[in-house]
1. Suppose the filter is in a helix (DSSP H, G or I), over 18 Å from Cys88 (Cα atoms) and open to solvent by less than 10 Å² (accessible area, probe 1.4 Å); does Leu174 pass it?
2. Could you list, ordered by first residue, the pairs with Cβ atoms under 6 Å in which the first is in the range 80-91 and in a loop (DSSP other than H, G, I, E, B) and the second is open to solvent by less than 10 Å² (accessible area, probe 1.4 Å) and of a type outside the set (S, T, N, Q), at least 6 apart or interchain?
Amino acid sequence: MTLLDKTKFISLLNCNKENFDFSEVNFDELQKQYLNYLKFSTKDFDKIYPTVAPLEMWEMTDFPFPELHPAHKKIISLVNKYKPNSICEIGAGAGVVTKLLYNDYSDAKYYSVEPNKNHVKLMEENFQSTSEIIKPQIEVDSEIIHAPVQRLPLEDCSVEFVFSCTVMMHIPFLMIPDSVSEISRISSKYVLHVENPNDEINAVVTPHKKLKMNDKSINKLRINYEEMYKSLGFIVEESSNWRDPFADCNYVSYLFKRAI
């Protein structure tokens, strides 16, 4: 089942903004939902979420390069401030954010993790200098890893700076403890999350009917990032929030630093 023992799993689930108590939920049912999601995420992730194809659909028409969305500016500014020697993007999609980041800061070893095999193919295309679709037109030197965040094939403390950009907000809350635990496990120093906190819109989407993970009381809760990472040995280094320039929602960023 989960990578965590039952006590730790429930403890992390209880780190939610609604103060929902998971100790009162049937654990066997939680386990069934967890295993059902993991089955798809490790074998056929594109059946969980719709595949975005072709590469043209990843173009940011509202923010044509070099004009960037505030979320992307935040990531680039923090990387330039802390200058890590290795960087891993979780849920890289077609690699748009990694490409923007690499264009601005190439002095690091890059990893790009993506569970959707179709998006991996788009990322491989996007990272070639011959691709003219997503600007800038550069070759990106990043190790592409096809894997779900709940099962990262990277060593403990092997990456200095691990980040997600609008990814956690699409993961059912039941899968968050293993996701956060894996991210914190591979980080040697920093973890950054730039996400929609789901305070006005709920971005969790699991369209595949067989998943049966649409119980709002369980899977659409807001993550208490501070409490989760505190329990995993991290402290808040920086945090901020802002309004999305185009969508009716907010963004929040948390930069955590390993304390132990």
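1. Judged against the criteria, Leu174 is a match.
2. From the range 80-91, the pairs are Pro84/Phe161.
Here's the yes/no breakdown for (1) free of Cβ contacts under 8 Å to residues at least 24 places away in the same chain; (2) under 20 Å from Leu232 (Cα atoms); (3) of a type outside the set (Gly, Ala, Ser); (4) open to solvent by less than 30 Å² (accessible area, probe 1.4 Å):
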residue: Thr2; (1), (2), (3), (4): no, yes, yes, yes
residue: Lys6; (1), (2), (3), (4): yes, yes, yes, no
residue: Leu12; (1), (2), (3), (4): no, yes, yes, yes
residue: Asn16; (1), (2), (3), (4): no, yes, yes, yes
residue: Val25; (1), (2), (3), (4): no, no, yes, no
residue: Lys32; (1), (2), (3), (4): yes, no, yes, no
residue: Thr51; (1), (2), (3), (4): no, no, yes, no
residue: Met60; (1), (2), (3), (4): no, no, yes, no
residue: Phe63; (1), (2), (3), (4): yes, no, yes, no
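Conditions (1) of a type in the set (Lys, Arg); (2) surrounded by 19 or more Cβ atoms within 10 Å (Cβ to Cβ); (3) modelled with pLDDT of 90 or more; (4) assigned to a strand (DSSP E or B), marked per residue:
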residue	(1), (2), (3), (4)
Ile183	no, yes, yes, no
Val191	no, yes, yes, yes
Val194	no, yes, yes, yes
Met213	no, yes, no, no
Leu221	no, yes, no, no
Tyr229	no, yes, yes, no
Asn241	no, no, yes, yes
Phe246	no, no, no, no
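The values are calculated or read from the model by the stated rules, or taken from the named source; none is laboratory data. Computed from a predicted structure; not experimentally measured. Every residue, glycine as well, gets a Cβ built from its backbone with ideal geometry; the counts of neighbours run over all protein chains shown. Only protein heavy atoms, including side chains, enter the accessible area calculation; ligands, DNA and RNA are left aside. Shrake-Rupley method; radii C 1.70, N 1.55, O 1.52, S 1.80 Å.
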